[in-house]
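*Asks:* Here it is, the structure in full.
The values are calculated or read from the model by the stated rules, or taken from the named source; none is laboratory data. Just so we're clear, the structure is a prediction, and the values are computed from it rather than from any experiment. Glycine also receives a Cβ, built like all others from the backbone with ideal geometry; neighbour counts cover every protein chain displayed.
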Amino acid sequence: LLFLALSAQAQRAGQHVLPALTAVLERVRAWWPQVADSTLALYRDLHAHPELAFQERRTAARLAAALRRLGLEVHEGIGQTGLIGILRNGPGPTILVRTDLDGLPIEEQTGLPYASRNRVERPDGATVATMHACGHDVHMSVWLATARFLAEHRNLWRGTVFFVGQPAEEIGAGAAAMLAEGLYARFGRPDAALALHVDPNLPVGTIGYVLGPAFAHVTSVEVTIYGVGGHGAAPHRATDPIVLAAQYILAIQTIRSRILDPMEPAVVTVGYIRGGTQQNIIPDRVELGLTIRTYSAEARRQILDALERIGRGLAESYGLPPERYPRVLVSPTETPSTVNSPELVRHVVEAWRRVWPGERIQERRPETVGEDFGRFGLDGQIPTFMFRLGTTPPEAFQRGQLPTLHSPFYGPDAERAIPVGLEAMVIALLSLMGP
Ligand SMILES: [Zn+2]
Ligand SMILES: [Zn+2]
């Protein structure tokens, strides 16, 4: 309905849409120098103080206070550390704009003057270094600058914006937690949801988008390989689960290469191996942690079946009884794939192309990383669009291998990327709620 109304409106308005959005972009550019210092100061502060999933109390409090100063109605503690700031401006569509809040357990090695030296205590009592290695500090800075621009330019738009600060993106749990604690039940369902994510593969100044499926379905699996423990000097009186695990890890590499359709996107990665205590003891089990990335339910089924089947076959070849066959445990918290609604993407990209030269906007391929932003779309009931924001200085592309997201060396060019993110988000919003 939103899109029928919008396209009818656009047809009536004809070329009037063009000068209006161009004027908006000029307003954003004229306004940015007034807020650049305070926005970048906030960015550096967030960058220096990353907090882990569901522990983002300082971060959430800073954002909540900033939104309150802008006059938004703010509710905190939704999905533990999540928050929403509601900006109402008369009748019109309701659009959700999401940022994520959390950092990662990584020790920063960028050498930046505002690099994180933060350490936090994990629930298990261990102390870990934390880093915003996924750019969520950039997302928060763009999100807050967008709220500020809209709050200070109410004459440019109509409707309601839900500024949602989502915790725990890195463990794929925060969006589900906010929805389970009544985000939509309490405040209503939005007509569309927008978000951005930094992208070190794109030069700063550019925006990337994917039409349709953009981020993969994430399944976490724990495999326990059983053996029969014994003395390291007498392997013939034991069944060694370390050797069995080694064979299993190599054997499951054939799932991707020999079992799945070559045209089907999928990843099977073993992220940890835990087994044994001492050189001269054959343990009785080894635990493996896997992440599986897929787009189709059929590929998912094939991978999980193969993990079971290969485990059974190897265990049997070692003479283990059925009760010692490997156990494949699929985590109940899966992250569904994030699908960008084609109609919404086309509408926003069209608006961007009206105000920016074409080369700033690049169509990208789907990726195998996961994102729980897609959950805000309630399985296709609400159109969603997450676009990518370039953060790498163009000159860095000549230097070869670039740091990826989640790398201790990832240092986005925030000074240049944040105003571009702001422009992109404001144009996207005002293409839906604008003059
Ligand atoms: Zn991440
Ligand atoms: Zn991220």
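*Asks:* Which residue out of P336, P332 is surrounded by fewer than 21 Cβ atoms within 10 Å (Cβ to Cβ), free of Cβ contacts under 8 Å to residues at least 12 places away in the same chain and under 23 Å from the mean Cα position of the chain (by Cα)?
*Replies:* Every option except P332 fails the conditions.
*Asks:* Next question. Among the residues of region 174-187, what is the count of those that are surrounded by fewer than 21 Cβ atoms within 10 Å (Cβ to Cβ) and within 16 Å of ligand 1 (Cβ to nearest atom)?
*Replies:* Adding up the residues that qualify gives 0.
*Asks:* If you check G229, G159, which single one turns out to be farther than 30 Å from E363 by Cα and modelled with pLDDT of 95 or more?
*Replies:* G229
*Asks:* Does region 287-299 contain at least one residue that is assigned to a helix (DSSP H, G or I) and surrounded by 18 or more Cβ atoms within 10 Å (Cβ to Cβ)?
*Replies:* For region 287-299, residues assigned to a helix (DSSP H, G or I) and surrounded by 18 or more Cβ atoms within 10 Å (Cβ to Cβ): present.
*Asks:* Confirm whether R365 is touching a residue at least 24 places away in the same chain (Cβ under 8 Å), touching a helix residue (DSSP H, G or I) at 6+ places or on another chain (Cβ under 9 Å) and away from ligand 2 (no atom under 16 Å from the Cβ).
*Replies:* no
*Asks:* Looking at P265, P326 in this structure, which one is in contact (Cβ under 8 Å) with a residue 60 or more places away in the chain, surrounded by 16 or more Cβ atoms within 10 Å (Cβ to Cβ) and over 17 Å from A216 (Cα atoms)?
*Replies:* Just one listed residue meets the conditions, P326.
*Asks:* From V138, V164, which residue is in contact with a helix residue (DSSP H, G or I) (Cβ under 8 Å, 6 or more places away or on another chain), away from ligand 1 (no atom under 16 Å from the Cβ), modelled with pLDDT of 95 or more and within 30 Å of V28 (Cβ to Cβ)?
*Replies:* After applying the criteria, what remains is V164.
*Asks:* Mind telling me which of the residues A195, A151 ends up being within 15 Å of ligand 2 (Cβ to nearest atom), under 30 Å from A20 (Cβ atoms) and not charged (D, E, K, R)?
*Replies:* One residue alone meets the criteria, A195.
*Asks:* At least 2 residues that are surrounded by fewer than 20 Cβ atoms within 10 Å (Cβ to Cβ) and more than 15 Å from the chain's Cα centre (by Cα) in each: list the strands (runs of 3 or more DSSP E) lying fully within region 114-169 that qualify.
*Replies:* Here the list reads 119-121, 127-129.
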